[in-house]
Amino acid sequence: MLTYIFKRLLLAIPTLFLVALAVFLLVRLIPGDPAQVMLGEGASPEAIASLRTELGLDEAVPVQFATWLGRSLGGDLGNSAITGEPVGALILSRFQLTAVVVLISVGLATLIAVTFGLLAAWRQNSRLDLAVLGMASFVLAVPSFWLGLVLLLVFGVMLQWLPVVGYVPFSEDALGAVLFLVLPIVTLTISETGVLTRMMRSSTIDVLRLDYVTHARAKGLSERTVLMRHVFPNAFAPTLTLVGLTLGRLFGGIAVIETVFTLPGLGRLMVDSVLARDYPVVQGCLLFTATLYVLVNLLVDILYPLFDPRVTVS
Amino acid sequence: MRGRAHQYLGFGLVGLLLLVILTGFVWLPYDPLAIDLDNVLAPPSWAHWLGTDQFGRDVAARAMLGARISAFIALQTVALTVLAGLIVGLASGFLRGWTDRILMTFSDALLAFPGILLALSLIAVLGQSRHSIVIALSIAYLPSVVRVVRAAALSIREREYVEASRAAGDGPLYTVWRYVLPNALPPVLIIATSLFGWVVLSESALSFLGVGVPAPAPTWGNMLSSARPYMASASWLSIAPGLCIVATLLGINMLGDALRDRLDPRNAA
């Protein structure tokens, strides 16, 4: 098991290295002096000169990359070109909110998807199955930001049950924060259920056809035991991989939902810094989300053998 | 398996989209960019089927032009991604060895960036324009296409007819062109259909975030984005463009499912 984990870690290193290289080169691709680009139009010559020395821009490019990589590994992602705040701290403070929304939503979506996917596959072609499949296909066609807008229109504007604009930090007003987070979480949960349900249903159908399921039934086990003990673990493995991919993608990518609900999360930070051309922050966000994505998937790969007995660790 | 109705609905919705786009070339109810300050935020009526926006522009006309713009961007992106994906995927799957390993490491690194964030930062570098969206989304979706092509190429290269072609002394390029490429096309066609849907969705998301198609050109995404402040007073502005996206994606996805049922040999049983 330890060798397996070690091997997976080793395989992730070239990927992470290329990720870092791509993030580094991205800003270098912009025509002009990188220090000028990073600090923006109105920067003073002194500020540009000091950033030039800080970034080591007079050195050769590989040396610059090595310096930058070393600093990033140490957690120093530079400072925002606009507010001067350290990028690392900025990202972490914004990420908390995003992580809470994403973890709750993906957890709920997985629960719903597993339940309905399993039931739909168990009674394939039944009315329940068609309803589940129809809902999943419909949800797949609804953009999350529009779903959010419609929910906001119904529950915020028309019924006025929930607040429409703004956000209160959890530390200031716990109940208020929960009220602001209900709709984003519901929206994201619904949006992510579609793919997960389809995946769970199709892998359950595959597993139900296997001989050992027939055998378990022939032994006289109750359908409940067959489904929960024998079908579920094998059918869940592919869905788990998808959950990992979804988590990795969403940790960096709920910008649209944060925009609809005016939540100050990581996605919104990224969009705002792109619009403001705050390149140190853009770089930091990209590096952070991509690394997180690789790490989350690594974790899923490591957990996979625990769920799928067919995958032997060797 | 999923019944004919499903397929017909898919064809119907995609046909409707095509009809709307083609009609838009010869007739639009109003000039989609014409500002009419006497008719600001007018609710749907006989004169303006879908109402007017905060500048008095006709929503129906804008949605029709938006369909054309989004569909063109999606077509260009799909064409570019599939072409690049075929080249990289065939090279990777047919040559295997080091070429494969290096290309796959790059592909995995690219896959590590959340698609929309990657597109966002590429647009930040390239500048905001329709071409930037096409290039940025092509790069973001390239790894998914590469994977499909590579998997197909890996299995096709072991077939007898490829071996026969090699034994007959055909060069590798000829073998790939004559035997591997045509047999890899069905899965590519399936992913191209899905890709069209993903791109429509991503482009609308980018436009919604304010980094997509620049104003005043209308797309469904930036129509929704500019509708956000008027949600309480003019809800129709938030409804119509969203329904357009949903109808388009439903049609494309159903068409994709139908295609998959037909072309995927695993579903033959």
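For region A:132-168, a reduction of at least 20 Å² in accessible area between the chain on its own and the assembled protein chains (probe 1.4 Å) is found at A:133, A:137, A:138, A:140, A:141, A:143, A:145, A:146, A:149, A:153, A:157.
Please compute the contact order of chain A in relative form: average sequence separation of alpha-carbon pairs under 8 Å and at least six residues apart, divided by the residue count, as a percent. Intermediate results must be reported in sequence, preceding the final value.
Details: 351 pairs, mean separation 83.1, N = 314.
It comes to 26 percent, rounded to a whole number.
Centre-to-centre, using Cα atoms only, region A:21-98 and region B:129-175 are separated by 38 Å. Computed from Cα atoms, the angle from the helix B:97-111 axis to the main principal axis of chain B rounds to 20 degrees. For chain B, the relative contact order comes to 24 percent (Cα pairs under 8 Å, sequence separation of at least 6). Amide H contacts of residue A:79: A:87, each under 5 Å away and 5 or more positions distant or on a separate chain (H built 1.01 Å from N in the peptide plane; Pro and chain starts excluded). The label point for residue A:173 and the one for residue A:47, both projected 7 Å from the Cα toward the Cβ, are 3.5 nm apart.
Roughly how big is the B-A contact, given as buried accessible area in Å² (both sides, 1.4 Å probe, nearest 100)? Intermediate values should be presented prior to the final figure.
On the way: alone 14330 and 16780 Å², together 27430 Å².
Using a 1.4 Å probe on protein heavy atoms, the buried area is about 3700 Å².
In the assembled protein chains, residue A:59 presents an accessible area of approximately 110 Å² (probe radius 1.4 Å).
Here the Karplus relation 6.51 cos²θ - 1.76 cosθ + 1.60, evaluated at θ = phi - 60°, turns the backbone of region B:157-165 into coupling constants of 5, 8, 6, 4, 5, 6, 4, 4, 4 Hz, with x for every Gly and Pro. In this structure, the amide hydrogen of residue B:212, modeled 1.01 Å from its nitrogen in the peptide plane, lies closer than 5 angstrom to those of B:207, counting only residues at least 5 positions away or on a different chain.
The long axis of helix A:61-73 is offset from the longest Cα principal axis of chain A by roughly 60 degrees.
Computed from Cα positions, the angle between helix A:232-253 and the longest principal axis of chain A comes to roughly 20 degrees.
If a/c stays under 1.5 just call it rounded; otherwise compare a/b with b/c (prolate if a/b is bigger, oblate if not). Do that for region B:1-149, with a ≥ b ≥ c from the square roots of the Cα gyration tensor eigenvalues. Could you put the intermediate results ahead of the total?
Numbers: a/c = 3.33, a/b = 1.89, b/c = 1.76.
Prolate, since a/c reaches 1.5 and a/b exceeds b/c.
Between the beta carbons of residue B:37 and residue A:262, assuming R0 = 25 Å, the FRET efficiency works out to 0.30 to the nearest 0.05. Summary of the geometry: region B:43-102 and region A:212-245, compared by the centres of their Cα atoms, lie 40 Å apart. Largest accessible area first, the residues A:54, A:172 order themselves as A:172, A:54 under a 1.4 Å probe with ligands, DNA and RNA left out.
In the Gaussian network model of chain B, springs joining C-alpha atoms below 10 Å, which of B:143, B:114, B:44 carries the largest mean-square fluctuation? Among B:143, B:114, B:44, the largest GNM mean-square fluctuation belongs to B:114. Springs between Cα atoms under 10 Å define the GNM used for chain B, and in it the highest mean-square fluctuation of B:12, B:66, B:169 occurs at B:169. Put A:122, A:146 in order of accessible area, highest first, and with a 1.4 Å probe you get A:122, A:146. Note on A:198-208: average number of Cβ atoms from other chains within 10 Å of each residue's Cβ is 0. Using θ = phi - 60° in the Karplus curve 6.51 cos²θ - 1.76 cosθ + 1.60, the 3J(HN,Hα) couplings for region B:134-147 round to 4, 5, 4, 5, 4, 5, 5, 9, 3, x, 4, 5, 4, 4 Hz; x is entered for Gly and Pro. For region A:100-125 versus region A:128-157, the inter-centroid distance based on Cα atoms is 15 Å. Taking region B:50-92 and a reference point 7 angstrom along Cα→Cβ of residue B:105, the backbone N atoms nearer than 17 Å belong to B:92. Among A:247, A:77, A:69, the largest mean-square fluctuation in a Gaussian network model of chain A (Cα springs under 10 Å) belongs to A:69. Computed with a 1.4 Å probe on the full set of protein chains, the accessible area for residue A:217 sits at about 90 Å².
The values are calculated or read from the model by the stated rules, or taken from the named source; none is laboratory data. Keep in mind that this is a model prediction, so the values were computed, not measured. Here Cβ is always computed from backbone atoms with ideal geometry, including for glycine, and neighbour counts include all displayed protein chains. Ligands, DNA and RNA are excluded from the accessible area calculation, which covers all protein heavy atoms including side chains. Shrake-Rupley method; radii C 1.70, N 1.55, O 1.52, S 1.80 Å.
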